[in-house]
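One structure is given here, and the rest of the page talks about it.
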């Protein structure tokens, strides 16, 4: 377990002129892609690294060119206008809902890279002349490439479709949620899940109760431990799968269960998944007649998880520095919302169950 995270890039933001292609589009609409660019873009995509655009250009012309060369689908929330590149990068980060320090920016112009570095020092700026080495950079190489990694861009495209539908939906929030047909599945982590479980601890910063990183080997040992329950969470709806979006680690002693880690992807923040997972754990703890506690470590990003604990009736019983210990007296257990189906195991004390799945 490690509270420090090795830097990994979640999104690469590309300039266009003399970066993605040789030449300036407004001067020559027959610009040609730079050597090996398609391979780089597709490889980053296969590794689960998202991509976008920050270009000072005429929007319709640039998008037409990206469509023409078959690359438009690889770029989420492209920012093509005449504003500062730092503004574009902030917009991309906000739209994808990731930290600024998980973005890289590629541009041929020193002035543009310096402007971004000055305004957003957390962004990794790369000279377009160094493209030949980008795929070898440690920041661009996740330890594992999971099934979720391979379809990450497509999952974000589904999110864009959901968001557009939600914006135009005529009805209440609960009615919209009901229209999605969501199914939340909670299951013990299997051998096949361990790579994704490690990836979740490495990539998830905002909705993470401790900020700790766990290695594949640590998670494998915990998954086999008789006094721990390690659960992975997935979500799907009528638009497709969100993938495996959450991880729960519970230490189970004879009379006390302690939530050691609860995290979930920021893509499900608006779906109320945090409260649903806590209610599931509360119900299982009460059924086993044990106290339920939860460890929390304050970081500069995870206040939303603190609020989630408080809304679910957890009370602080101990605090030292940035560490908090919560306890819940089960007085606030709620029914699961009717707009979502929960497929989850009944948990028993001590021995992790890997079967006995029921529909709640």
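FYI, it's all coordinate maths here, none of it is from the lab. Remember, it's a predicted structure, so these values are computed and weren't measured experimentally. Reconstructed Cβ throughout: ideal geometry from the backbone, glycine too, with neighbour counts over all protein chains shown.
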Query raised in the report: For the pair residue 165 and residue 192, how long in nm is the line joining their label points, each one 7 Å along Cα→Cβ?
Result: 2.6 nm
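In which sequence would 165, 210 go, from the one with the fewest C-beta neighbours within 10 Å to the one with the most? Don't jump to the answer; show the numbers that get you there.
On the way: 165 14, 210 24.
Result, fewest neighbours first: 165, 210.
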Requested in this report: Round to the nearest 10 and give me the degree value, 0 to 90, for the angle of helix 194-203's Cα axis relative to the longest principal axis of the chain.
Outcome: 70 degrees
Report summary line: With Cα springs under 10 Å, the Gaussian network model of the chain assigns the largest mean-square fluctuation among 38, 297, 268 to 38
Requested in this report: Return one number: the angle in degrees, 0 to 90 and rounded to the nearest 10, between the long axis of the Cα atoms of helix 273-287 and the longest principal axis of the Cα atoms of the chain.
Outcome: 20 degrees
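Restricting the count to DSSP beta bridges whose residues both fall in the chain, what percent are antiparallel, rounded to a multiple of 5? The partial results should precede the final answer.
Working: 41 of 65 bridges.
The antiparallel fraction comes to roughly 65 percent.
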Query raised in the report: Where Rh denotes the Kirkwood radius from the mean inverse Cα pair distance, what is Rg over Rh for the chain?
Result: 1.01
Query raised in the report: Taking Cα atoms, how many degrees apart are the long axis of helix 85-96 and the longest axis of the chain, rounded to 10 and kept between 0 and 90?
Result: 30 degrees
Report task. With a 10 Å radius around each residue's Cβ, average the other Cβ atoms per peptide and rank 60-71, 219-230, highest first. Result -> 219-230, 60-71
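At a Förster radius of 22 Å, what calculated FRET efficiency corresponds to the Cβ-Cβ distance of residue 39 and residue 137, to the nearest 0.05?
Working: r = 15 Å, r/R0 = 0.69.
So, using R0 = 22 Å, E works out to roughly 0.90.
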Query raised in the report: Looking only at 92, 24, 202, which one moves most when the chain is put into a Gaussian network model with springs between Cα atoms under 10 Å?
Result: 24
Query raised in the report: When all C-alpha to C-alpha distances in segment 11-140 are sorted into bins of 5 Å, what percent of pairs does each bin hold, rounded to whole numbers?
Result: 2, 11, 23, 26, 23, 12, 3, 0
Query raised in the report: How long, wide and thick is segment 181-230, going by the Cα atoms along their three principal axes, in whole angstroms, largest first?
Result: 34, 23, 19
Report task. Project the alpha carbons of segment 226-331 onto their principal axes and report the range along each, largest first, in whole Å. Result -> 41, 32, 26
Query raised in the report: Going by how many other beta carbons lie within 10 Å of each one, how would you line up 46, 218, fewest first?
Result: 46, 218
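Give, in nm to one decimal, the length gained when the segment between residue 319 and residue 46 is fully stretched (0.36 nm per residue of separation minus the Cα-Cα distance). Don't jump to the answer; show the numbers that get you there.
Values: separation 273, 0.36 × 273 = 98.28 nm, distance 4.27 nm.
Residue separation times 0.36 nm, minus the Cα-Cα distance, leaves 94.0 nm.
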Query raised in the report: Where the centroid of each part is defined by its Cα atoms, how far is segment 90-130 from segment 187-264 in Å?
Result: 31 Å
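Once the convex hull of the C-alpha atoms of segment 147-359 is built, how many Å³ does it hold per residue, rounded to a whole number?
Details: hull volume 25.8 nm³, N = 213.
So the per-residue hull volume is 121 Å³.
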Query raised in the report: Considering the chain as a Gaussian network with a 10 Å cut-off on Cα pairs, which listed residue, 242, 214, 318, attains the greatest mean-square fluctuation?
Result: 318
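Can you work out the FRET efficiency for the pair residue 238 and residue 84, with r the C-beta to C-beta distance and R0 = 51 Å, to the nearest 0.05?
Values: r = 39 Å, r/R0 = 0.76.
That gives a FRET efficiency of 0.85.
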